[in-house]
1. How much FRET efficiency would the formula 1/(1 + (r/R0)^6) give for Ile105 and Glu84, where r is the Cβ-Cβ distance and R0 is 22 Å, rounded to 0.05?
2. Over region 29-108, with a single point scatterer placed on each C-alpha, what log10 of the ratio I(q)/I(0) does the Debye formula yield at q = 0.24 1/Å?
Amino acid sequence: MAGLNRFPIVVILLLASCTLPTLAHLGDSPAVVECKNHFSIKYAFDVYNYIFKGKKIGDGSCQALVALGRLCHNVFVNNTFTYEHTENRTIIQARADVVFNHCIIVNSISPPSLS
């Protein structure tokens, strides 16, 4: 009885697993690609978790979000709607606005001086 040669199957699975993550980004608009160049994935997760999961956002993520700008923030939020199925887009958009405004306030408050 001839044994099944599993090598080709393993190679195909390995190639598929390596290319699938990169294929997920093929549909990104030029605006999304440009904005991604200016924003760390860590900060993106923090902002996402605030908007969609109600978690806190750190000062560092707020600083990065304000530096990124409202335009790119809106690009990311609108792009997320293409793959994130949410029941109420209006609530999510409002939370996105709240986090951006919160971060502007956090960045405009300077720490008290110790003089």
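1. Numbers: r = 26 Å, r/R0 = 1.19.
With a Förster radius of 22 Å, E is 0.25.
2. So the normalised log intensities are -1.23.
Every number here is computed from the coordinates shown, using simple stated rules; none is lab data. Keep in mind that this is a model prediction, so the values were computed, not measured. Note: ideal-geometry Cβ built from the backbone for every residue, glycine included; neighbour counts use all protein chains shown.
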